[in-house]
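Heads up: the structure comes next, in structure tokens.
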Amino acid sequence: MHVDTGADFSCITLSSFDDLWPQPKGAPQLHPFSKNLKAYTGQQVPIVGKVNVKASLAGRSAMLPLLVVHSSGPNLLGRNWIKALRYSVQQLQALAVSESSAYADADLSQLKEEFSSLFARILVPVCTGLREIYRPTCKHSHSGQCPASV
């Protein structure tokens, strides 16, 4: 889940809901949810419903509401769960780092695939924290700086 301290409620996409609880058996009951939900852009987010799920963290458990939404965005860990499970700043930072790393890897993979002809693979020292980076390649026959990039 994406840590979002600006979100009042934790929510998952309908696709994630279907992955977690394949229909028709085992899925928790969806209940109506009457409040409006908006994305950070101000756009209305359509709500499918609300489920109550058991959530646990570091020995603390609670039955918490989880909104199911029609969205292609990430699943969000909102303030209602953060408060109820008493997430510490360190736990939130660890979640944010692991998630941003996963999204960055996915974004980089997508870019490498989509624009493979524009990038050449090079290795960099391990001390940078990166195993590999991609640098634009120049198709001009010269040495030194590319005149097209000046």
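Hey, if we sort Thr5, Thr13 by accessible area with the 1.4 Å probe, largest down, what's the order? Working shown, then result.
On the way: Thr5 90, Thr13 10 Å².
Ranking Thr5, Thr13 by accessible area, largest first, yields Thr5, Thr13.
So for Arg60, Arg79, what's the accessible-area order with a 1.4 Å probe, most first? Present the calculation step by step, with values, prior to reporting the outcome.
On the way: Arg60 60, Arg79 100 Å².
In descending accessible area the options line up as Arg79, Arg60.
Rg (Å, one decimal) plus Dmax (Å, integer) for the alpha carbons of the range 24-76?
Both quantities, over Cα of the range 24-76: 13.0, 37 Å.
Where does each of Val53, Val48 land when they are ordered by accessible area, with a 1.4 Å probe and the largest first?
Ranked list, largest accessible area first: Val48, Val53.
Starting from the 7 Å offset along Cα-to-Cβ, what nm value, one decimal, do you get for the label separation of Leu30 and Ser56?
Here the answer is 2.8 nm between the modelled labels.
The values are calculated or read from the model by the stated rules, or taken from the named source; none is laboratory data. Every value quoted in this text rests on a predicted model; they were computed, and no experiment measured them. As a convention, Cβ positions derive from the backbone with ideal geometry for all residues, glycine included, and neighbour counts pool all protein chains shown. The protein model used for the area step is the full one, side chains on, heavy atoms only, and it has no ligands, DNA or RNA in it. Shrake-Rupley method; radii C 1.70, N 1.55, O 1.52, S 1.80 Å.
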